[in-house]
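Structure record follows, encoded as C-alpha cells.
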C-alpha cells in the first residue's frame, strides 16, 4: 500500500492558484441515504439520493494586492470553480484532480494574539464534482 504525506497540495479557486498560502484543504462528498425499506423486508434497504460536498480550506492570510484577501473578497457571495489535488504535480492515477464549483458563503478576518493570521472557510459545493486522472 502506498501512503502519501501532504506536502504540496494544489488548490485553485476562481482560476487563481492559491496553493502557496494553503495550510489545509479537504474535499468531502456524500450521497444522501434514503430509506427504501418496505413491509416484508428483513433488512433495511437504502437508495442513493442527492449528492453534496464541502470544501474546507485553511489559508495563511495575506492582504497584499492579488493575494488571499484581495482574491476572496470580490468573489464573496458568488459561485466559483475550484480544483484540488493531493500534489501540485501532474494529474495522474496517483494524483487525481477534483474539480467543481463552490459557493463562497464565508469571509473572515482576524485571529488571536501571537498566532498566524488565518482564514478558515467551509464552502458548500454547487453542482457536480468530477475526478480526473489524466
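Shape of region 72-130 from its Cα gyration tensor (a ≥ b ≥ c, root eigenvalues): rounded if a/c is under 1.5, otherwise prolate when a/b > b/c, or oblate?
Since a/c reaches 1.5 but b/c is at least a/b, the shape of region 72-130 is classed as oblate.
At a Förster radius of 35 Å, what calculated FRET efficiency corresponds to the Cβ-Cβ distance of residue 9 and residue 41, to the nearest 0.05?
Computed FRET efficiency for residue 9 and residue 41: 0.20.
Which whole number of Å³ per residue matches the convex hull of the alpha-carbon atoms in the chain?
Working: hull volume 23.2 nm³, N = 134.
Per-residue hull volume (Cα only) is 173 Å³.
Please rank 55, 123, 34, fewest neighbouring Cβ atoms within 10 Å first, as an exposure proxy.
Values: 55 24, 123 21, 34 11.
Placing the least packed residue first, the sequence is 34, 123, 55.
Can you show me the helix-derived [θ] at 222 nm for the chain, built from DSSP H runs with n ≥ 4 at -39,500 (n - 2.57) apiece and divided by the number of residues, rounded to the nearest 500.
Helix contribution divided over all residues of the chain: -500 deg cm²/dmol.
Could you check the simple spin-label distance between residue 132 and residue 91, using points 7 Å along Cα→Cβ, in nm with one decimal?
A separation of 0.2 nm, rounded to one decimal place.
Determine the distance separating the Cα centre of region 111-130 from the Cα centre of region 33-103; give it in Å without decimals.
Each part reduced to its Cα centre gives a spacing of 12 Å.
Suppose each label sits 7 Å from its Cα in the direction of the beta carbon; what would the residue 76-residue 50 distance come out to in nanometres?
Inter-label distance under the simple model: 2.6 nm.
Please give the FRET efficiency for residue 31 paired with residue 113, using the beta carbon to beta carbon distance and R0 = 35 Å, rounded to the nearest 0.05.
According to the calculation, E is roughly 0.25.
Neighbour counts of other C-beta atoms within 10 Å: give me 126, 15, 36 arranged from fewest to most. Provide the component values of the computation, followed by the final result.
Details: 126 15, 15 9, 36 12.
Lowest count first: 15, 36, 126.
Only the coordinates and a few stated rules stand behind these numbers; no lab work does. Everything numeric here is computed off the predicted structure, so don't read it as measured data. Here Cβ is always computed from backbone atoms with ideal geometry, including for glycine, and neighbour counts include all displayed protein chains.
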